[in-house]
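The values are calculated or read from the model by the stated rules, or taken from the named source; none is laboratory data. For clarity, every value in this text was computed on a predicted model and none was experimentally measured. With ideal geometry, Cβ positions are generated from the backbone for all residues, glycine too; neighbour counts draw on all protein chains shown.
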Amino acid sequence: MKFLAISGSARRASTNTALLRALQAAAEAAHTVSVYDRVGELPVFSPDLELNPPLAVSALAEAIADADGLILASPEYIRSIPGGLKNVIDWLVSRNEVIGKPIVLAHASHRGDDMLAQLRVVLATLSERFNEELFLRIPLMKLFPEEIAARLSAPRHQEEMRGFLDAFARLCGSA
């Protein structure tokens, strides 16, 4: 299965991006995970640009179309969805690439439940194949990069990430 993992963070040292990269590295031969970490590079959504979207938007839409499923991971900003991720979703809402696409969440913090609740509502509206039950949470908040790498390379978390990917592959295949 081909998964596209979208980080909702524009931060270079994002723990959510680190979690998605660890998923990418943990993927076994049956799965590939591509990480999209460029939400900060997309222009602000404008309905006036939908018919002729900027190249960055078209490239993201193509990557989504090519994926069997989407994994989203995002920080929480003031108890809400960060603007960069909301902007990505705004660009996608009227496009065909995301319709019927399986979507799940991963999260790199022990908190953020208000944002996750909002994101679940938005994603359930975006795709009827959003699955809120399948969820990966590995708290990494306030850890240094070396600590994040050590935690994510621990056998327990490697097994957890592979199990998550296998479960998502089964979900994607049950269309």
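Scan the range 128-146 residue by residue and report those that are at pLDDT 95 or above and either basic (Lys, Arg) or more than 28 Å from residue 170 (Cα to Cα) (or both).
Scanning the range 128-146 gives 129, 137.
Given the conditions (1) among the aromatic types (Phe, Trp, Tyr); (2) touching a helix residue (DSSP H, G or I) at 6+ places or on another chain (Cβ under 8 Å); (3) part of a strand (DSSP E or B), and given that residue 164 satisfies all but one, which numbered condition is not satisfied?
For residue 164, the failing item is (3).
Does residue 76 meet the test of being of a type in the set (Asp, Glu), closer than 27 Å to residue 157 by Cβ and touching a strand residue (DSSP E or B) at 6+ places or on another chain (Cβ under 8 Å)?
On the way: of a type in the set (Asp, Glu): yes; closer than 27 Å to residue 157 by Cβ: yes; touching a strand residue (DSSP E or B) at 6+ places or on another chain (Cβ under 8 Å): no.
Taking the combined requirement at face value, the residue does not satisfy it.
Please count how many residues of the range 28-39 are surrounded by 18 or more Cβ atoms within 10 Å (Cβ to Cβ) and more than 20 Å from residue 8 (Cα to Cα).
Of the residues in the range 28-39, 1 are surrounded by 18 or more Cβ atoms within 10 Å (Cβ to Cβ) and more than 20 Å from residue 8 (Cα to Cα).
Evaluate the range 7-28: report whether one residue or more is out of contact with any helix residue (DSSP H, G or I) (no Cβ under 6 Å at 6 or more places or on another chain) and farther than 21 Å from residue 136 by Cα.
Yes, some residue in the range 7-28 is out of contact with any helix residue (DSSP H, G or I) (no Cβ under 6 Å at 6 or more places or on another chain) and farther than 21 Å from residue 136 by Cα.
Is it the case, given these coordinates, that residue 104 is touching a strand residue (DSSP E or B) at 6+ places or on another chain (Cβ under 7 Å), of a type outside the set (D, E, K, R) and within 17 Å of residue 45 (Cβ to Cβ)?
Values: touching a strand residue (DSSP E or B) at 6+ places or on another chain (Cβ under 7 Å): yes; of a type outside the set (D, E, K, R): yes; within 17 Å of residue 45 (Cβ to Cβ): no.
In short, no.
Just checking, which of 124, 106 is closer than 23 Å to residue 174 by Cβ and surrounded by fewer than 21 Cβ atoms within 10 Å (Cβ to Cβ)?
Details: 106 fails: surrounded by fewer than 21 Cβ atoms within 10 Å (Cβ to Cβ).
The conditions single out 124.
In the range 27-48, what residues are farther than 15 Å from residue 86 by Cβ and touching a Phe, Trp or Tyr at 6+ places or on another chain (Cβ under 9 Å)?
Across the range 27-48, the qualifying residues are 27, 31, 32, 33, 34.
Listed here are the residues, each with its yes/no results for (1) of a type in the set (Asp, Glu); (2) within 13 Å of the chain's Cα centre (by Cα); (3) under 20 Å from residue 19 (Cβ atoms).
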residue	(1), (2), (3)
79	no, no, no
105	no, yes, yes
119	no, yes, yes
128	yes, no, no
141	no, no, yes
144	no, no, yes
161	no, no, yes
166	yes, no, yes
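Inside the range 1-47, can you point out the residues that are at pLDDT 95 or above, charged (D, E, K, R) and in a loop (DSSP other than H, G, I, E, B)?
Across the range 1-47, the qualifying residues are 37, 38.
I'd like the full set of residues that are without any contact (Cβ under 8 Å) to a residue 60 or more places away in the chain, under 14 Å from residue 42 (Cβ atoms) and buried (at least 16 other Cβ atoms within 10 Å of the Cβ), limited to the range 56-81.
Listed by number, the residues that qualify are 57, 60, 61, 63.
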